[in-house]
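To start, the structure under review is shown below, and the notes come after it.
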């Protein structure tokens, strides 16, 4: 017998720049840094010039980390029996957790606060979901989770 699904959500970060746009940004920064480095070298401040290459290397590294981090995913599936949280890391490693939703509550106290987490709490255990979402997206996720939990609890058979 198939269980009724009250919530099914794939949560993913906003997409980064396309590879061509990343190359353009890094290329522009490289040209500007090269020109500034040449200008400093011509004015006798040649020891400064390696730092202009370092800033481009750091920018390229940061862009690569950002693109890699955007591959993370979280999958939530709520039935009356269980909440499945499946976290897929940037490297593809999958971690699954099943939680009994009966005592589960959603904590998202101040949606206007920058960085306010959406946490699923059972007794003293706590799971943060959607940490890479924006404030409005987290508020919508928290409300959708609360509504789905209400619906799932109402669907439980009463004795």
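Structure notes:
- Test: residue in region 82-103 that is touching a residue at least 60 places away in the same chain (Cβ under 8 Å), surrounded by fewer than 17 Cβ atoms within 10 Å (Cβ to Cβ), over 30 Å from residue 154 (Cα atoms) and under 21 Å from the mean Cα position of the chain (by Cα): no
- Failed condition for residue 67, given (1) over 30 Å from residue 22 (Cα atoms); (2) part of a helix (DSSP H, G or I); (3) touching a residue at least 24 places away in the same chain (Cβ under 8 Å): (1)
Yes/no per residue for (1) outside any strand (DSSP E or B); (2) at pLDDT below 90; (3) within 20 Å of the chain's Cα centre (by Cα):
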| position | (1), (2), (3) |
| --- | --- |
| 77 | no, no, yes |
| 111 | yes, yes, yes |
| 128 | no, no, yes |
| 150 | yes, no, no |
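- Region 1-21, residues that are without any contact (Cβ under 8 Å) to a residue 60 or more places away in the chain and surrounded by 14 or more Cβ atoms within 10 Å (Cβ to Cβ): 16, 17
- Put simply, of 24, 59 the only residue that is free of Cβ contacts under 8 Å to residues at least 40 places away in the same chain, assigned to a helix (DSSP H, G or I) and surrounded by 16 or more Cβ atoms within 10 Å (Cβ to Cβ) is 59.
- Filter pass, residue 121 being more than 30 Å from residue 67 (Cα to Cα) and in a strand (DSSP E or B): yes
The values are calculated or read from the model by the stated rules, or taken from the named source; none is laboratory data. Note that the structure is a prediction, hence the values are computed from the model and not measured. So basically every Cβ, Gly included, is an ideal-geometry build from the backbone, and we count neighbours across all protein chains shown.
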